[in-house]
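Below: the structure, in structure tokens.
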Amino acid sequence: MTTANVNGITIGYDDEGTGDDVLVLVHGHPFDRSMWRPQVEHFSAAGWRVVAADLRGYGESTVVPGITPLDVFASDVAALLDHLGVGRFVLGGLSMGGQIVLECARRFPGRLRGLVLADTFAQAETEQGRRNRNDMADRLLREGMSGYATEVQWKMVAPHNRAVGEHVARMMHNAPPEGAAAALRGRAERPDYTETLAAITVPTLVVVGSDDEYTPVADAEYMHERVPGSALVVVDGAAHMPNLERPEVFNAAVADLLAQA
């Protein structure tokens, strides 16, 4: 277990591979850094240094109850990379992780060499969405993760990807309810990143599973249309976790992005 003490918390992370070319991967909710294992292994073997951390409230990182806004997650990402001596890097994230990537693009665009926006969306939360996220946070604190994890497993992963579904279920069942609830409350208040999309000047990949119900292809097209020169890849046969469901396709798309970064 590798950890760093930054921003008053302990962060668990993987840091594999060597060199000046750095790929940083940000997981979604309610997962942990193990969701990126196929990418950590593939790209570190391909000559990249790959960093994947557990966000605060998840995995082996410190659980901080209350509300965790996206800018706090972004600050943690920057602080960990400062600790690791990383200046500029390619940054990728899935779902909530993609929104953290957009917050990073808003806060410190000069550090970014390229972006991967996977199964995420840029618009602000709706009023109903805010209520739903806060209600779910209350439920997780009241009941724990198991009921929610069982309900959403086959929306996170297409039903025919059963082996992947077991990994995803383990991550969700093991997520700390306090950390997951804090993230939900923070995302309920997230800003609209549409203007941030138009300001992105680095190579950008927008990727989404063809069967994703949480962030449908239309959400990916919205971002693709607004990020100048971006690439859009729709991964057939995948739902919300194409990096795990179809890693060869996902990795090939990311490799094309890295060749430009």
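The values are calculated or read from the model by the stated rules, or taken from the named source; none is laboratory data. Here the structure is a predicted model, which means the values were calculated and not measured. Note: ideal-geometry Cβ built from the backbone for every residue, glycine included; neighbour counts use all protein chains shown. Areas reflect the complete protein model, heavy atoms only, side chains present, ligands, DNA and RNA absent. Shrake-Rupley method; radii C 1.70, N 1.55, O 1.52, S 1.80 Å.
Just a few scattered comments:
For (1) within 25 Å of Ser210 (Cα to Cα); (2) more than 17 Å from the chain's Cα centre (by Cα); (3) open to solvent by less than 80 Å² (accessible area, probe 1.4 Å), each residue gets a yes or a no:
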site: Asn134; (1), (2), (3): no, yes, yes
site: Gly144; (1), (2), (3): no, yes, yes
site: Arg162; (1), (2), (3): yes, yes, no
site: Gly165; (1), (2), (3): yes, yes, yes
site: Pro177; (1), (2), (3): no, yes, yes
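- Segment 19-75, subset in contact with a strand residue (DSSP E or B) (Cβ under 6 Å, 6 or more places away or on another chain) and free of Cβ contacts under 8 Å to residues at least 40 places away in the same chain, residue surrounded by the fewest Cβ atoms within 10 Å (Cβ to Cβ): Gly19
- Subset tally (residues that are assigned to a helix (DSSP H, G or I) and open to solvent by less than 20 Å² (accessible area, probe 1.4 Å)) for segment 80-112: 12
- Residues located in segment 223-261, provided they are assigned to a helix (DSSP H, G or I) and either touching an Asp or Glu at 6+ places or on another chain (Cβ under 6 Å) or open to solvent by 50 Å² or more (accessible area, probe 1.4 Å) (or both): His224, Glu225, Arg226, Glu248, Val249, Ala252, Asp256, Ala259, Gln260
- Failed item in (1) open to solvent by less than 10 Å² (accessible area, probe 1.4 Å); (2) free of Cβ contacts under 8 Å to residues at least 40 places away in the same chain, with Ala182 passing the rest: (2)
- Filter result for Ala169 (closer than 26 Å to Gln128 by Cα and either crowded, with 23+ Cβ neighbours inside 10 Å or not acidic (Asp, Glu) (or both)): no
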